[in-house]
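Written below as structure tokens is the structure these notes are about.
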Amino acid sequence: MSSLVMEIEDYDLPAGQPVAVSRRATYFLLMTGSGVDVEFSYKGSRIGGGKGLQGGDAVGPLSQAYDQVTLTSATSQAVK
């Protein structure tokens, strides 16, 4: 039997400034107040992404794990 591990962290996104988060995973859940662009990378290569994701949007399972997700918002906000 496997167990589910979820890590929830707060990130401050300055307007227009990308914030990179290093974590290996195949799922992604975003909790935010307004649209956020998301880019998934593995070993420095982009493997997918989404534009304007809203709070509660989830992505996964991806066909391969990502090891970095980059978040960008047009407005300053805190996201989880």
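Summary table
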{"read-out": "Checking I8 against (1) out of contact with any strand residue (DSSP E or B) (no Cβ under 8 Å at 6 or more places or on another chain); (2) surrounded by 11 or more Cβ atoms within 10 Å (Cβ to Cβ), the condition it does not meet", "value": "(2)"}
{"read-out": "Residues of the range 31-50 that turn out to be in contact with a Gly (Cβ under 7 Å, 6 or more places away or on another chain) and touching a residue at least 40 places away in the same chain (Cβ under 8 Å), as a count", "value": "3"}
{"read-out": "Residues satisfying the stated conditions in the range 19-49, i.e. part of a strand (DSSP E or B) and farther than 19 Å from I8 by Cβ", "value": "D37, E39, S41, Y42, S45, R46, I47, G48, G49"}
{"read-out": "Selection count, the range 15-54, where residues are hydroxyl-bearing (S, T, Y), crowded, with 16+ Cβ neighbours inside 10 Å and closer than 13 Å to Y66 by Cα", "value": "1"}
{"read-out": "Candidate set: the range 55-80, residues that are of a type in the set (S, T, Y) and in a loop (DSSP other than H, G, I, E, B); chosen: the one most open to solvent (accessible area, probe 1.4 Å)", "value": "S63"}
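The values are calculated or read from the model by the stated rules, or taken from the named source; none is laboratory data. All figures in this text were calculated on a predicted structure; none of them were measured in a lab. Cβ coordinates were reconstructed from backbone atoms using ideal geometry, including for glycine residues, and neighbour counts include every protein chain displayed. Each accessible area value is taken on the protein alone, full model and side chains, heavy atoms only, with ligands, DNA and RNA left out. Shrake-Rupley method; radii C 1.70, N 1.55, O 1.52, S 1.80 Å.
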